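J.: Have a look at this one.
The values are calculated or read from the model by the stated rules, or taken from the named source; none is laboratory data. A quick note: this is a predicted structure, and the numbers were derived from the prediction, not measured. Cβ coordinates were reconstructed from backbone atoms using ideal geometry, including for glycine residues, and neighbour counts include every protein chain displayed. Accessible surface areas use protein heavy atoms only, side chains included; no ligands, DNA or RNA. Shrake-Rupley method; radii C 1.70, N 1.55, O 1.52, S 1.80 Å.
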Amino acid sequence: MHGFARMAGNGETWYIDAKGEKAFDEVIAVYHPVDSIEEAAYGHRVVHANEKETMRLVKKDGRMGVVSDDGKWLLPPEYDTIAVKWESYLLLSEDGKMTYADTRGKLLLPLRFQDAGILDDDHFDVKENGKWGVFSVAANKLVIPAVYEAFDYCGGCGSKGDYVFAQQNGKWGVVTFRNEVLAPFAYEHAHTFMRSDNWVLCFKKNGQDVVLNLHLKKEYGAPGYTDMELIGNGLLKVRTNGRCGLINEEGKVVSGFVYDDVKDPYGDYESGPFLLVT
């Protein structure tokens, strides 16, 4: 291995550096660093790793670090654990706190939180004092204070949103990365039909399906609105007074409530310029 040599004696093994001094005790894992990550269709990611380079997770005196192919320390051996996550990041923990780094050892947020998740390139959902908030790397602060019981986010959406689904006092609402409440904390929530635009389809109210339009701050649900379904290019099909109509993402009614039914003829993963009306 470049820059280090493996030694053995008295039933033990270790590695020394070019100066002959002990560098670390063992290699825990090896990986190739990531050059780029490409967003693909339907929320999939394509990770482009540099197979010409090899990084090593190593342990020294019970602590973990990362060394490069040429023997340089990318992360000093001072962490309790280091693990490769999603082939894209390093997860580091120390004294009950955790953070993330890129695969070349650059820390992505401060080592100060109990737990953290990655929302986008700038925002992380973080746990502090038992509550959840959102930390912005660009702003270097919590842009949503850590006062919420739980978060959910459409991380697989093709166009990621600027808000999170947040839980407070057992109920769910919507909060932007600017700490603005877009929807009140009045709903039940499940991680289904997740989106990142003006439509919210993942809430129920008193056990009944509802759809929210965040632009208008309007709720659609029984008894006034039934048979709600998002079709076409972000159009809400909804039935009222026995007839179906269409509402666009801005909340504008784009067809009158005059149809027996409206269907999307293209299937679940396709779209096109027409709808089938009866």
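J.: Compute a Gaussian network model of the chain, connecting alpha carbons closer than 10 Å, and tell me which residue from Thr99, Thr240, Thr176 fluctuates the most.
T.: Thr240
J.: On to the next question. Of all the accessible heavy-atom surface of the chain, with the other protein chains kept in place and a 1.4 Å probe, what percent is carbon and sulfur?
T.: 48 percent
J.: Would you please name the GluC sites (Glu not before Pro) within segment 2-39 that are DSSP coil residues with at most 11 other C-beta atoms within 10 Å of their C-beta? Show your work: numbers first, answer last.
T.: Working: sites: Glu12, Glu21, Glu26, Glu38, Glu39; in loops: Glu21.
Sparse-neighbourhood loop GluC sites (Glu not before Pro): Glu21.
J.: What spacing in nm lies between the two simple spin-label points modelled at Ser36 and Asp268, each 7 Å away from Cα in the Cβ direction?
T.: The two pseudo-label positions are separated by 3.2 nm.
J.: Count charges around Leu107 for me, please; just the other residues with Cβ under 13 Å from its Cβ, Lys/Arg as +1, Asp/Glu as -1. Could the numbers behind the result be given before it?
T.: Numbers: positive: Lys97, Arg104, Lys106, Arg112; negative: Glu78, Glu94, Asp102.
Its environment carries a net charge of +1.
J.: Here is a follow-up. Under 15 Å from the Cβ of Tyr266, count the other residues' Cβ atoms, weight Lys and Arg +1, Asp and Glu -1, and hand me the total.
T.: -2
J.: Longer than 32 Å from Cα to Cα, which of Lys127/Lys205; Lys141/Lys237; Lys106/Lys171 are they? Say none if no pair is.
T.: Working: Lys127/Lys205 27 Å; Lys141/Lys237 41 Å; Lys106/Lys171 37 Å.
Long pairs (Cα-Cα over 32 Å): Lys141/Lys237; Lys106/Lys171.
J.: Just for the Cα atoms in the chain, what are the lengths along the principal axes, largest first, rounded to whole Å?
T.: Projected onto its principal axes, the Cα set of the chain covers 85, 40, 33 Å.
J.: In whole Å, what are the extents of segment 6-114 along the principal axes defined by its C-alpha atoms, from largest to smallest?
T.: 55, 34, 22
J.: Next question. Using 7 Å Cα-to-Cβ label points, what is the Gln208/Phe257 separation (nm, one decimal)?
T.: Between Gln208 and Phe257, the label points sit 1.4 nm apart.
J.: If you don't mind, there's one more thing I want to ask. Taking the Cα centre as origin and putting +1 on Lys and Arg beta-carbons and -1 on Asp and Glu beta-carbons, what dipole magnitude results for the chain, to the nearest 20 debye?
T.: Result for the chain is approximately 560 debye, rounded to the nearest 20.
J.: With every protein chain kept in place and ligands, DNA and RNA left out, what is the accessible area per residue of the chain? Probe 1.4 Å, answer in Å².
T.: Heavy-atom accessible area per residue stands at 55 Å².
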